[in-house]
Amino acid sequence: MSLLSSSMDILSARLNTFRNVPTQQAGQPKPALPTSGSILREVGLLSGTMVATDTGWCPIERVLAQDRVLTFDNGIQPVVQNRSLVIRRTQIPAQKAFQMFIPRGVLGNQADMNILPMQEVVFESDLAEKMFGNAFVLTPSILLDGYNGITKHPILTDISLHMLTFKAEQIVQADGDVLLLAQSEGCFSPFAETVVSDQNLYPRLTHAQLLKLIEAEKSR
């Protein structure tokens with residue numbers, strides 16, 4: 001699957017929040033989750049999200065390094081890390097204290113689910129194919145606000161967040177048929193050249209193109 005032209009600003013903006021997040025190795029006792037400090041990590045999967053693995057569905061919080069996860073393009077792939085942390089509600093700025101509520105079935109999810117606003121999802125659209133030549137596009141979930149009942153829901157309590165990484169970017173399957181972007185381990189590297197090379201594996205529409213597409217979908 002080729003996912004269209006690139007947008008650098010979304011990834012580069014969020015990378016600054018990902019440095020030095022503690023990791024968990026397979027076979028080690030699960031430590032207490034670290035807290036986020038004052039910065040909200042706006043990507044990653046919330047505890048309870050079910051991920052497709054080679055042994056069946058597994059809650060994201062139970063996936064460990066070297067576990068094998070089903071990916072959209074590359075079959076079964078081993079996880080490099082599952083970076084986990086707790087975000088304290090009291091530390092979330094008021095303007096960011098929300099998550100995206102996805103009603104059952106809207107993105108292929110088998111039940112209602114919540115996704116963080118900058119978590120990228122695969123959005124399938126006939127209009128996208130007509131407008132940009134591909135029916136599958138990656139978009140931050142926040143841009144889907146107002147589409148088929150997708151809305152912002154307030155964050156009222158502390159939340160547990162989990163970020164799977166692989167050797168390269170992957171699209172993983174969650175909660176039925178929802179397709180979500182998982183980062184490469186290189187996204188956590190302090191070396192800029194690593195980040196740039198990984199960025200190109202799944203090209204994005206520009207922000208303006210995404211807005212045009214989503215607004216067109218909402219008006220149908």
Checklist entry - Near the amide H of Thr53, under 5 Å away, which other amide H atoms are found, from residues 5 or more places off or on another chain, if H is placed in the peptide plane? => result Cys58, Leu70
Item to check | Pairs of lysine residues in region 36-218 - Cα separation under 25 Å, sequence separation of 8 or more or cross-chain | outcome: 7
Item to check | 3J(HN,Hα) from dihedral phi, region 141-147, Karplus parametrisation 6.51/-1.76/1.60, rounded to Hz, x for glycine, proline | outcome: 4, 4, 6, 8, 4, x, 8
Checklist entry - Each residue of region 112-127 in turn: what ³J(HN,Hα) in whole Hz from Karplus with 6.51, -1.76, 1.60 and θ = phi - 60°, glycine and Pro shown as x? => result 3, 8, 10, 9, 5, x, 9, 5, 7, 10, 7, 10, 9, 8, 4, 5
Item to check | Cut-off 11 Å between beta-carbons: net charge of the residues surrounding Ala216, Lys and Arg +1, Asp and Glu -1 | outcome: +1
Checklist outcome for this item: Using the Kirkwood formula on alpha carbons, the hydrodynamic radius of region 36-218 in angstrom works out to 16.9
Item to check | Karplus (6.51, -1.76, 1.60) ³J(HN,Hα), θ = phi - 60°, over region 49-59, in Hz, Gly and Pro reported as x | outcome: 5, 8, 10, 6, 10, 6, 10, x, 6, 9, x
Next on the checklist: Quick check for you: with a 1.4 Å probe and neighbouring chains kept, what is the accessible area per residue of region 36-218, in Å²?
Outcome noted: 42
Next on the checklist: For the pair Asp126/Arg68, report the inter-label distance in nm, with labels modelled 7 Å from Cα in the Cβ direction.
Outcome noted: 3.9
Next on the checklist: Considering only protein heavy atoms and a probe of 1.4 Å, how much of the accessible area of region 36-218 is carbon and sulfur, as a whole percent?
Outcome noted: 52
Checklist entry - Taking amide hydrogens as modeled 1.01 Å from N in the peptide plane, which residues meet the under 5 Å criterion relative to Phe98, leaving out close sequence neighbours? => result Ile155
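The values are calculated or read from the model by the stated rules, or taken from the named source; none is laboratory data. The structure displayed is predicted, hence computed values, not measured ones. Cβ sites come from the backbone with ideal geometry, for glycine too, and all protein chains shown count toward neighbours. Areas reflect the complete protein model, heavy atoms only, side chains present, ligands, DNA and RNA absent. Shrake-Rupley method; radii C 1.70, N 1.55, O 1.52, S 1.80 Å.
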